[in-house]
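Visitor: Here it is, the structure in full.
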């Protein structure tokens, strides 16, 4: 499995293990609010002379219909605690660190739905064989 797929699976597993979160990779049409979506990711080489690695970002979306930003921000806090500087198991790769980059909560154009956005940076290195 690639490091990109390993990171996504590890993030999904970590967040889905919290019973207070409903987490999707693909949101069903009948999804109840609030919910969390594992979103976009980027990957750039983080190689050295003697190892192969990646610097990756993962964007996580929170969707809420709560009147105000409180619910989305509380869910973002749970996600922050679950990921920032935590250890995740990646098959074939060592996780060096997970760092929080930013978060924001926006009002969607429908005037009802709150959209929280967070991004985390992952440094990984291929496990020595």
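Visitor: In segment 54-72, what residues are closer than 12 Å to residue 106 by Cα, surrounded by fewer than 18 Cβ atoms within 10 Å (Cβ to Cβ) and within 18 Å of the chain's Cα centre (by Cα)?
Guide: Of everything in segment 54-72, just one residue is closer than 12 Å to residue 106 by Cα, surrounded by fewer than 18 Cβ atoms within 10 Å (Cβ to Cβ) and within 18 Å of the chain's Cα centre (by Cα), namely 61.
Visitor: So, in segment 87-103, exactly how many residues are surrounded by 12 or more Cβ atoms within 10 Å (Cβ to Cβ) and over 19 Å from residue 4 (Cβ atoms)?
Guide: Selection size over segment 87-103: 2.
Visitor: For residue 23, indicate whether it is modelled with pLDDT of 95 or more and touching a helix residue (DSSP H, G or I) at 6+ places or on another chain (Cβ under 6 Å).
Guide: yes
Visitor: Restricted to segment 111-129, and to residues that are at pLDDT below 95 and surrounded by fewer than 15 Cβ atoms within 10 Å (Cβ to Cβ), which residue is nearest to residue 3 (Cα to Cα)?
Guide: Filtering segment 111-129 for residues that are at pLDDT below 95 and surrounded by fewer than 15 Cβ atoms within 10 Å (Cβ to Cβ), the one nearest to residue 3 (Cα to Cα) comes out as 127.
Visitor: May I pose another question? Do the conditions hold for residue 36, that is, is it at pLDDT 95 or above, farther than 16 Å from residue 95 by Cβ, surrounded by 13 or more Cβ atoms within 10 Å (Cβ to Cβ) and within 10 Å of the chain's Cα centre (by Cα)?
Guide: Judged against the criteria, residue 36 is a match.
Visitor: In the list 46, 12, which residue meets the criterion of being under 27 Å from residue 126 (Cα atoms), surrounded by 13 or more Cβ atoms within 10 Å (Cβ to Cβ) and modelled with pLDDT under 95?
Guide: 46
The values are calculated or read from the model by the stated rules, or taken from the named source; none is laboratory data. Owing to the predicted nature of the structure, the values given are computational and were not obtained by experimental measurement. So basically every Cβ, Gly included, is an ideal-geometry build from the backbone, and we count neighbours across all protein chains shown.
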